[in-house]
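To start, the structure under review is shown below, and the notes come after it.
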Amino acid sequence: MTEITEGSKAPMFDMATADGGRVSLDGLKGRTVVLYFYPKADTPGCTTEGQDFSALIADFDKAGATVIGVSRDPVKKLDRFKAKYDLKVILASDEPEDVTEAFGVWVEKKLYGREYMGIERATFLIDGAGVVRRVWRKVSVKGHAAEVLAAVQSI
């Protein structure tokens with residue numbers, strides 16, 4: 001697995017989304033893409049992150065950016081999560097697990113001394129040509145969506 005860094009070509013993706021659609025990097029060519037990975041739908045930090053990005057969705061749209069939240073949750077769970085919190089971002093399911101692997105966010109985690117594999121909260125800002133412009137790893141949710149928006153507005 002290659003580390004995705006600023007300036008590298010973003011891995012291609014094509015995922016099922018809440019609301020029965022699909023989203024792919026090819027289909028978004030020419031648009032800025034904010035791809036944020038979160039561990040699990042309907043958990044406190046992930047809910048806050050989705051709500052924060054949703055609150056700023058009009059500003060992301062104005063800046064020409066599509067915001068996509070990615071987890072390994074099944075689409076049915078994403079449908080419920082999106083409806084429950086009225087989330088405005090695209091929620092994509094990486095149930096096949098290839099996108100989280102390609103972006104290097106499927107990592108070993110530790111909680112209460114127990115080791116397990118899980119999604120590292122991370123965000124990738126991809127320009128219209130498919131080049132990664134910014135990478136945020138081990139994201140702290142508070143203020144993150146606003147920080148990403150500022151980065152989108154600066155490219």
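Of the residues screened, residue 107 is not one that is closer than 22 Å to residue 26 by Cα, in contact (Cβ under 8 Å) with a residue 12 or more places away in the chain, β-branched (Val, Ile, Thr) and touching an Asp or Glu at 6+ places or on another chain (Cβ under 9 Å). Would you confirm whether or not region 89-103 contains a residue that is over 15 Å from residue 23 (Cβ atoms) and in contact with a helix residue (DSSP H, G or I) (Cβ under 9 Å, 6 or more places away or on another chain)? Checking region 89-103: not a single residue is over 15 Å from residue 23 (Cβ atoms) and in contact with a helix residue (DSSP H, G or I) (Cβ under 9 Å, 6 or more places away or on another chain). If you check 107, 89 for being within 20 Å of residue 139 (Cα to Cα) and within 15 Å of the chain's Cα centre (by Cα), only one passes: 89.
Within region 130-150, the set of residues being more than 13 Å from residue 6 (Cα to Cα) and either among the small types (Gly, Ala, Ser) or open to solvent by less than 70 Å² (accessible area, probe 1.4 Å) (or both) comprises 139, 140, 141, 143, 144, 145, 146, 148, 149, 150. Does region 113-146 hold any residues that are more than 15 Å from residue 25 (Cα to Cα), at pLDDT 90 or above and assigned to a loop (DSSP other than H, G, I, E, B), and which are they? Result: 120, 121, 137, 138, 139, 140, 141, 142, 143. Scanning region 93-100 turns up no residue that is aliphatic (A, V, I, L, M), in contact with a Pro (Cβ under 8 Å, 6 or more places away or on another chain) and more than 24 Å from residue 155 (Cβ to Cβ).
The values are calculated or read from the model by the stated rules, or taken from the named source; none is laboratory data. What you see is a predicted model; the values in this text were computed from it and never measured. We place every Cβ from the backbone using ideal geometry, glycine too, and count neighbours over all the protein chains shown. These area figures cover heavy atoms from the full protein model, side chains too; ligands, DNA and RNA do not enter into them. Shrake-Rupley method; radii C 1.70, N 1.55, O 1.52, S 1.80 Å.
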